[in-house]
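Before any comments, here is the structure.
The values are calculated or read from the model by the stated rules, or taken from the named source; none is laboratory data. Note that the coordinates shown come from a computational prediction; the quantities given were computed from them, not determined experimentally. Cβ atoms come from the backbone with ideal geometry, glycine included; neighbour counts cover every protein chain shown.
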Amino acid sequence: MSASAIALPIIFGLIAAGSAIGFFAGARYKMDLEQWTVAARGFGVVFVWLLMAGEVYTTFSFLGASGWAYSKGGPTLYILAYLALGYVVSYYYLPQMWEIGKRHGLQTTSDFFTLRYRSRHLGAFVALVSVVFMIPYLQLQLTGLGIIVEVASFEGIGRTTAMLISGALIAVFVFMSGMRAVAWVSVLKDFLLLGSAIAIGIGVPTVWFGGIGPMFAALARAHPAHLVMPGSTQTMGHAWFISTVLLTSVGFYMWPHTLAAVFSAKSGETVRRNAVAMPLYSLSLAFVFFVGFAAVIAVPHLADSNLALLTVVRKTFPPWFLGIIGGAGALTAMVPGAIIILTASTLFAKNFYRPLFAPAMSDDQVARLARILVVIVTAIALYLSIHNSPTLVALLLIGYAGVTQFFPGIILGLYSRRVSRAGVFSGMAVGVAAVAFLMLTKRDPFLGVNAGFVALCLNFVVTVVISGLIPASGEAEVLEAPLADFRVPPPLRSRSDIVDLLLEERGDR
Amino acid sequence: MKPPPLITLLFGLIPFTAMCFSVSLWDRVHPIVLGLPFNLFWLILWTALTPLFMWCALRIERRSRG
């Protein structure tokens, strides 16, 4: 029996098991849109913890972090710093966000902007920017999944076919799951991932070097510069590190889908406790770093650094083990992949297209549009992942540079009555334009500083200056207003909403 | 909205200073601690310490709200 004939069935078996869990967990509950997106805000602390962990720890941390440790070295350490500090930052505004979300039935970042600044146009703009910058994030998941299939088949399945398979897998998964289902799959995935990470983080250095200490001793002798910044890069020094950690820790919860997970918590206190405890989970990431660093000596000269972790695992362990790692990795890509596709499609239909172009659209029509968008969004990301292959970390950083531009509008919107619609609108526009310009003209890092951070600073300045010139008029009332006055119009809550349409084909109702 | 008490901000600034702003002080290979390069050891140490500081912030905030 060939090695790939052992590894591949195990991977697909785990994918099937994950999908089945999602399917049955989802089918037990009657779902309206609120149930589906935020699971009725009824999760307790352990469950929310798993849910948040499941969404935040993605293909990026598994294949991306190890790939960067392999190819770039020292600069990869920004990941350890930003994970812990992202939670620190969240402590100071997420409980307040949760409170507003609870009071006004918010589901996404875009809803917050619509509500807080009383402008559907601003909400629509946020929705559009969210969707655009979720595409690289989705591309990351698809690329990761494709890599797993490719390596586990021992290159028997080529890159393009592997990508197409992974696109199909995620699309099927999307039509089977909602938030509660995703939470259960996350449970399986989290345990598998944690177990795998520890096993290979200790196993790989032990097999090749006789331990983690000897491995770093060997690296410190052979490639001492690789272990510190700027590592094996020219531009990623300390200024880059500081600006990137600031950008990403501040942008941690700016993703529409991570914020949706926050709204699903039971209380503001749960959110606060999470902010305190979550950094501990990210400690497991150190093991992934070990694998990436071991690969520097064990499997040198790989053309594609994204392959580092799986290639070294394949060379170190028997095929069944590669199968388990691959399966865990596949679920890790599918869960967030599904969430991103669902969020992006609904966001575009509900918060962008309807308010701007078709206010008279019925919920059914919105749902139908969202369904078409699922296919379009997946196709765009699939096209991008087949036709170019940047590192997984680079993809995530592009996304962060974009979504972090919401931060000034959120933090100032929560705590200041002076910030105005005009200010936030122009600040965000300048920020997004700066990101696009610097990224597309390959000016990232810009003078040694992360381009997204440069854009964020411009954004803050413009927001504050324009808010001074064109002051707010009564927009901030919502912060203290009684419940009923400012509900986000119009929430999709009927039985005939998107989820029901998605579930229809399963014939369970 | 009511922001968290100002003093809690101080507790958040400590891990921020340790893991972000002070990078040029700890970004080095030697001394190797517990087999890890110093920068990696430092970040792991502070990832573990961060919840402690935030827990203090949480205690203070709870007390201030009564």
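Here are A:Ala294, A:Ala220: which of them is farther than 30 Å from A:Gln107 by Cβ, of a type outside the set (Phe, Trp, Tyr) and away from chain B (no Cβ under 11 Å)? Break it down stepwise before answering.
On the way: A:Ala220 fails: away from chain B (no Cβ under 11 Å).
Only one candidate qualifies: A:Ala294.
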Q. Residue check, B:Phe53 against (1) surrounded by 15 or more Cβ atoms within 10 Å (Cβ to Cβ); (2) facing chain A (nearest Cβ under 7 Å); (3) within 23 Å of A:Leu247 (Cβ to Cβ), all met but one. Which one?
A. (2)
Q: Would you point out which residue out of A:Thr76, A:Thr108 is in contact (Cβ under 8 Å) with a residue 60 or more places away in the chain, in contact with a Lys or Arg (Cβ under 9 Å, 6 or more places away or on another chain) and β-branched (Val, Ile, Thr)?
A: A:Thr108
Q. Which of (1) part of a loop (DSSP other than H, G, I, E, B); (2) more than 26 Å from A:Ser61 (Cα to Cα) is the odd one out, the single condition A:Ile376 does not satisfy?
A. (1)
Q) Within the range A:65-109, how many residues are away from every other protein chain (no Cβ under 11 Å), at pLDDT 90 or above and under 18 Å from the mean Cα position of the chain (by Cα)? A) 4
(Q) Going residue by residue through the range A:292-301, is there one that turns out to be within 30 Å of B:Trp46 (Cβ to Cβ), at pLDDT 90 or above, crowded, with 21+ Cβ neighbours inside 10 Å and in contact with a Gly (Cβ under 6 Å, 6 or more places away or on another chain)? (A) no
(Q) Only one of B:Val29, B:Val33 is touching a Pro at 6+ places or on another chain (Cβ under 6 Å) and either more than 8 Å from chain A (Cβ to nearest Cβ) or surrounded by 13 or more Cβ atoms within 10 Å (Cβ to Cβ) (or both). Can you tell me which? (A) B:Val29
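Could you run through the range A:224-243 and say how many residues are more than 7 Å from chain B (Cβ to nearest Cβ) and more than 11 Å from B:Pro37 (Cβ to Cβ)?
Let us first name the residues in the range A:224-243 that are more than 7 Å from chain B (Cβ to nearest Cβ), namely A:225-226, A:230-237, A:239-240, A:243.
Applying the additional criterion that residues be more than 11 Å from B:Pro37 (Cβ to Cβ) yields A:225, A:230-237, A:239-240, A:243.
Matching residues across the range A:224-243 total 12.
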Q | Residue count, the range A:263-289 (criterion: surrounded by fewer than 22 Cβ atoms within 10 Å (Cβ to Cβ) and away from every other protein chain (no Cβ under 14 Å)) | A | 1
Q) Within the range A:373-400, how many residues turn out to be in contact with a Leu (Cβ under 7 Å, 6 or more places away or on another chain) and under 13 Å from A:Trp255 (Cα atoms)? A) 2
Q | Checking A:Gly402 against (1) small (Gly, Ala, Ser); (2) part of a loop (DSSP other than H, G, I, E, B); (3) in contact with a helix residue (DSSP H, G or I) (Cβ under 8 Å, 6 or more places away or on another chain), the condition it does not meet | A | (2)
Q.
Among the numbered criteria (1) touching a helix residue (DSSP H, G or I) at 6+ places or on another chain (Cβ under 6 Å); (2) over 30 Å from A:Leu310 (Cβ atoms); (3) part of a helix (DSSP H, G or I), which one does A:Met97 miss?
A. (1)
Q: Among the candidates B:Ala48, B:Ala18, single out the residue that is within 9 Å of the chain's Cα centre (by Cα), within 7 Å of chain A (Cβ to nearest Cβ) and of a type outside the set (S, T, N, Q).
A: B:Ala48
Q) If you check B:Leu25, B:Leu58, B:Leu45, B:Leu40, which single one turns out to be touching a Lys or Arg at 6+ places or on another chain (Cβ under 7 Å) and either part of a helix (DSSP H, G or I) or in contact (Cβ under 8 Å) with a residue 24 or more places away in the chain (or both)? A) B:Leu58
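I'd like to know if the range A:363-370 contains one or more residues that are at pLDDT below 90, under 30 Å from A:Pro75 (Cα atoms) and of a type in the set (Val, Ile, Thr).
Filtering the range A:363-370 down to residues at pLDDT below 90 leaves A:363-370.
Cutting the leftovers down to under 30 Å from A:Pro75 (Cα atoms) gives us none.
No, the conditions are met nowhere in the range A:363-370.
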